[in-house]
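J.: The following block contains the structure, expressed as structure tokens.
The values are calculated or read from the model by the stated rules, or taken from the named source; none is laboratory data. Since we're looking at a predicted model, the values are computed, not measured. Using ideal geometry, Cβ is built from the backbone for each residue, glycine included, and neighbour counts are taken over all protein chains shown.
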Amino acid sequence: MKKSYRRNLIGEAADVLPNAATEERVDKDLEDWVAEARKKRGAALDLPTVMQACPEFASWARNVGGYLRDWGDLHRVAGQLRPMIGVSEHAWNLAQDRLGPQIATAALVLTFDKHAKG
């Protein structure tokens, strides 16, 4: 989609929905949220807590990857199970880039668990 045409559509949408956020504002909000999440990484989740909070994923992960020793193992297994819940490789790579591998992995684990429970 051409940029000028896209801007026109955004402008028209803002006319129709005067309180709607512009694309630039949404991007800025996302970047701010990511920056804040990166600052809070000192209070990172530990692996046993994630596995206990997501028992459906934990069961699948053990069947696929065996014993998960660290975040690297969890990250590898999450990447293997990702297609089962319809997360594209592009979305997975983007999440890792924007959030970092640990937070992206935790988000995918939670999403997988929720998906598996229906």
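J.: On the given criteria, is V50 touching a Gly at 6+ places or on another chain (Cβ under 6 Å) and either modelled with pLDDT of 90 or more or among the hydrophobic types (A, V, I, L, M, F, W, C) (or both)?
T.: no
J.: Let me ask you something else. Find the residue count for segment 76-101, including only residues that are surrounded by fewer than 17 Cβ atoms within 10 Å (Cβ to Cβ), in contact (Cβ under 8 Å) with a residue 60 or more places away in the chain and on the phi < 0 side of the Ramachandran plot.
T.: The qualifying residues number 1.
J.: Just to check your reading of the model, which residue among R76, R82, R69, R98 is basic (K, R), outside the structural domain of A35 (by TED's automatic domain parsing) and within 20 Å of A35 (Cβ to Cβ)?
T.: Exactly one of R76, R82, R69, R98 is basic (K, R), outside the structural domain of A35 (by TED's automatic domain parsing) and within 20 Å of A35 (Cβ to Cβ), namely R98.
J.: Just give me the residues in segment 47-75 being exposed (fewer than 13 other Cβ atoms within 10 Å of the Cβ) and touching a residue at least 24 places away in the same chain (Cβ under 8 Å), in sequence order.
T.: Once the filter is applied, which keeps residues that are exposed (fewer than 13 other Cβ atoms within 10 Å of the Cβ) and touching a residue at least 24 places away in the same chain (Cβ under 8 Å), segment 47-75 yields only P55.
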